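Each remark here refers to the structure printed beneath this line.
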């Protein structure tokens, strides 16, 4: 039975929707009728989310000089759209929480994802981008398609992983050979289903090949470079333990010099443990890897 990325996502109950509070906040941000106080009130109704957000804004992720003790204060300092992105970050981990998986550990998966998000955010900040949280989200979600592949077609996923590891080919190419598509294409479809911005969709869908991004090649290139940096830092992986090949056009699209890599890696290392804890909330169950 052959599946397309769209068919895989259409039939996936586990990704049917994001939490109601994210959808509501997203709707309110796009409407001029609601103030920051209104948005803060909706967020505050969810004590668990409130605690996670306050933990984030008081962590090394931001390094603010003084304690932030309320959602309304967090909105004032961080901004409504940025806070929405952080809600998305903590929500997605919970959507896929407990996904049964004997191909790669969930701990490794999220460690690599968080590292990529932090690297993308740092790279974006280096080139003076505004609202850099969207780059953190793009990096965090770049391999999200892998989780659905592991759930829905585990035998083909296993075959692709073993081909990647034993034949020294990138995982996405092994997936294309075996399935006819890769995790990046599935990830793009998931983000379309969630109605997330096109910038995020493209950055995820083309993160291995930013030259193929039609509208946002720079955003996509930043996530691509971040993915390579994260693999080099060896904070987990999402199935492929190799450092992926670099698109030859990536640095040109990103409009950055490669001499910033060391500074970016230092910044990521400073923020990694704190961010990992705040995104995950609690330790993730670890399962056996393929050998």
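Out of all the residues in the stretch 189-204, which are touching a helix residue (DSSP H, G or I) at 6+ places or on another chain (Cβ under 8 Å) and more than 17 Å from residue 93 (Cα to Cα)?
189, 192, 197, 199, 201, 202, 203
Here is a list: 124, 119. Which entry is in contact (Cβ under 8 Å) with a residue 24 or more places away in the chain, crowded, with 23+ Cβ neighbours inside 10 Å and under 30 Å from residue 178 (Cβ atoms)?
Answer to the selection: 119.
Would you say residue 60 is in contact (Cβ under 8 Å) with a residue 24 or more places away in the chain, under 19 Å from residue 277 (Cα atoms) and outside any helix (DSSP H, G or I)? Outline the logic, then answer.
On the way: in contact (Cβ under 8 Å) with a residue 24 or more places away in the chain: yes; under 19 Å from residue 277 (Cα atoms): yes; outside any helix (DSSP H, G or I): yes.
When the stated conditions are applied, residue 60 passes them.
Would a scan of the stretch 232-248 turn up a residue that is assigned to a helix (DSSP H, G or I) and within 29 Å of residue 55 (Cα to Cα)?
yes
Let me spell it out: the conditions are (1) within 18 Å of the chain's Cα centre (by Cα); (2) farther than 18 Å from residue 3 by Cα; (3) part of a helix (DSSP H, G or I), and residue 211 meets all of them except one. Which number is the exception?
Here residue 211 clears every test but (1).
Kindly state which helices (runs of 4 or more DSSP H) lie completely within the stretch 102-175 and contain at least 3 residues that are within 10 Å of the chain's Cα centre (by Cα) and under 14 Å from residue 279 (Cβ atoms). Working first, answer last.
Values: elements: 106-126, 133-141, 144-152, 154-167.
Passing ranges, in order: 106-126, 133-141.
Of all residues in the stretch 42-77, which are on the phi > 0 side of the Ramachandran plot and in contact with a helix residue (DSSP H, G or I) (Cβ under 7 Å, 6 or more places away or on another chain)?
Scanning the stretch 42-77 gives no hits.
Would it be correct to say that residue 196 is part of a loop (DSSP other than H, G, I, E, B), within 29 Å of residue 21 (Cβ to Cβ) and touching a residue at least 12 places away in the same chain (Cβ under 8 Å)?
On the way: part of a loop (DSSP other than H, G, I, E, B): yes; within 29 Å of residue 21 (Cβ to Cβ): yes; touching a residue at least 12 places away in the same chain (Cβ under 8 Å): yes.
In short, yes.
Read the figures in this text as sums done on the coordinates, not as results from a lab. Predicted, not measured: the structure shown is a model, and the values here were computed from it. Cβ: placed from backbone, ideal geometry, glycine included. Neighbour counts: every protein chain shown.
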